[in-house]
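Notes follow the structure.
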There are 2 protein chains.
Amino acid sequence: LKKRQYIVSVDAGGTKILAALIDSDNKIISRAKKSTDAKNGANAVIKRIIECIESTLIDSKVKANQLAAIVVGIPGSLNSQKGIVYLAPNLSWRNINVVNPIKRHFNIPTFIENDANLGALGIHHFGLGKKYENLLGIFVGTGIGGGLILNNKIYRGKSFAAGEIGHIVINPKGEKCGCGNYGCFEAVASRTAITREIKNAIKTGKKTVVTKLTNNYDLIKSGTLAAALKSNDKIVKKSLRSASETIGLVIGNMSNLLDLNAVVLADGLIEAVGDFMLPVIRKSAEDVALPQNFKGMKILISSLGDDAALYGGIALAKEVGLF
Amino acid sequence: LKKRQYIVSVDAGGTKILAALIDSDNKIISRAKKSTDAKNGANAVIKRIIECIESTLIDSKVKANQLAAIVVGIPGSLNSQKGIVYLAPNLSWRNINVVNPIKRHFNIPTFIENDANLGALGIHHFGLGKKYENLLGIFVGTGIGGGLILNNKIYRGKSFAAGEIGHIVINPKGEKCGCGNYGCFEAVASRTAITREIKNAIKTGKKTVVTKLTNNYDLIKSGTLAAALKSNDKIVKKSLRSASETIGLVIGNMSNLLDLNAVVLADGLIEAVGDFMLPVIRKSAEDVALPQNFKGMKILISSLGDDAALYGGIALAKEVGLF
């Protein structure tokens, strides 16, 4: 039993696959990274996941039979018990069994979990220096994902599809969302929404430093937004403030519904410009939340960066008693 | 031990106190009812609760020492472990210990719980012929209350204040709510909101049978709304449809967030006109919910009527192992 003292944790995102080999001190001892290349189909992506896992083993001179478990985070709805991904729009996957080919290759217990759930779990166990019993992770990037930890465990719902906070409708008369609905949270407050607002401002002749920083207004990078903030750009500030107000409204509502101990913000946009957004978010959440519920609720920025879901893999392996 | 085969379950509402003596077959064998008269202060209300409990005992010839537990539902935020009601606006209570005087009087283990939580628990265990693992109870009356059952248990949150669905902000530019905020769910879709809409229609000269059915437009009774529906009244239909659409929107959002097995609607308004509202609610929920989450989620009307919280008391007494 002493031999199986490692796990590999994988975060298979829409653009890149991250893998980490983790030892029994919860330390990442080697890493691998590949672009996802989802356009070549599910088998090709699974092959790349396997290559990433192998790469972490080779780099650290650990053998596959020393692994206690492999955990893979997937951006989609899935059945973690059956190992099947039902729908992962960013990977163009529908009803794909991810677990079987990986398990067959390494002969190691393999688990999948929604990436936002894993991210929230990672933050819960490793990201805050304290375990908040009821925690909502909000991942603000191109879209908006959510992961709920309730009573110290991932809350999955009846069909493993809970936490879809990005598709809470904020304003039925709002912008169209990728899901087909109008006014979803992610259509109103994600980086995509912020980009759209800035683009519209540029179209109507407003001046912004963004036009000097990039030629591509289709999805303005978080780094570009951060640079524009440093230049005190009014257009960028306005659109970030507007997104922050909506994020705060949603957090206030979640506080009223779930009486949370903590809300943790994470992902690209937050890492880049979260310091500017956080005070606006807090104020807006406080306006909405009932005093009793707001009292003692923390609103924090995750310190785990890209590694939140990888750390979540450790917690999941422990949860099933394999690590 | 065989002697302690009964419990008394109490629902202490803003207008009336209901009590029921329940035997080990989960059957209500006697009942008591008193007006709450909250204006005389907390001690007077607690005295009336005690009188109701005594009355159920006398009527059924059961002795207090045959009780396994007393459970009291309270419309407010409270700490069920400490027995303290923090805030119950409808009772004008703030920091009242309800448990101690009742426990002292009967010398029986006594518990308090939020009435909407108890109602949801009662529906979960006794109201549907089946236990839905993740269930939201929405109580639509003068206000809107909510109770969450997650993983088959009451979900209480960090400070026992979860489930305040009535104070989720739907429209920050909407009507003022009793809580001080604008556009809360209960300010938009409760009987109070429906009354306001009808009143406004009457003010602007619209014709409605409501003017023949009542002289009091301050809070139109659910029975009056039901009678107006029977007369096919357009104004009443319109306002009920509008409230139903909002209720559906909230249910769709809750489905996306919590991937619920069931949402159960209850309380005065739903009992009176729920059959008219339900199809509109379902349609509106389906428009908002992600297909995966909506699939298999039931939207139902409670069959327990006023007794939901009383039945919840049975389940709570079982939960703590006393019944």
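The values are calculated or read from the model by the stated rules, or taken from the named source; none is laboratory data. Everything quoted here is computed from the prediction, not taken from an experiment. Glycine gets a Cβ as well: all are built from the backbone with ideal geometry, and neighbour counts include every protein chain shown. SASA here: full protein model, heavy atoms, side chains in, ligands and nucleic acids out. Shrake-Rupley method; radii C 1.70, N 1.55, O 1.52, S 1.80 Å.
A few remarks follow.
- Cα extents of segment B:2-55 along the three principal axes, largest first (Å): 40, 17, 13
- Shape call, segment B:183-323: gyration tensor on alpha carbons, a/c limit 1.5: oblate
- Label-to-label distance for A:N95 and A:A64 is 2.9 nm, based on points extended 7 Å past Cα in the beta-carbon direction.
- Projected label distance in nm at A:T214 and B:K206, using a 7 Å step from Cα toward the beta-carbon: 4.7
- Over chain B, accessible surface divided per residue gives 43 Å², non-protein components excluded, 1.4 Å probe.
- Taking only protein heavy atoms and a 1.4 Å probe, the accessible area of chain A is 48% carbon and sulfur.
- Which of A:A243, A:M277, A:V209, positive extreme of dipole for segment A:207-323 (C-beta unit charges): A:V209
- In this structure, the residue pairs whose Cα-Cα separation is over 19 Å, taken from A:K153/B:K158; A:K173/B:K173; B:K33/B:K131; A:K130/A:K318; A:K283/B:K158, are B:K33/B:K131; A:K283/B:K158.
- The share of C-alpha pairs in chain B whose separation exceeds 32 Å stands at 29 percent.
- Residue order for A:V320, B:V71 - accessible surface, 1.4 angstrom probe, largest first: A:V320, B:V71
- Contact residues in segment B:164-179 by the 30 Å² criterion (accessible area, 1.4 Å probe, full protein complex versus chain alone): B:E164, B:H167, B:I168, B:V169.
- Between chain A and chain B, roughly 3000 Å² of accessible surface gets buried, counting both sides and using a 1.4 Å probe.
- Accessible area of B:S77 in the full protein assembly, 1.4 Å probe (Å², nearest 10): 20
- Net length gained if the chain between A:K130 and A:Q5 were fully extended (0.36 nm per residue, minus Cα distance): 42.5 nm
- Taking a point 7 Å from the Cα of A:K234 along the Cα-to-Cβ direction, none of the residues of segment A:166-197 has its backbone N closer than 16 Å to it.
- Judged by the ratio a/c of the largest to the smallest principal axis of the C-alpha gyration tensor, segment A:58-138 counts as oblate, that ratio being 1.5 or greater while a/b is no larger than b/c.
- Rolling a 1.4 Å probe over the protein chains gives B:D25 an accessible area of about 110 Å².
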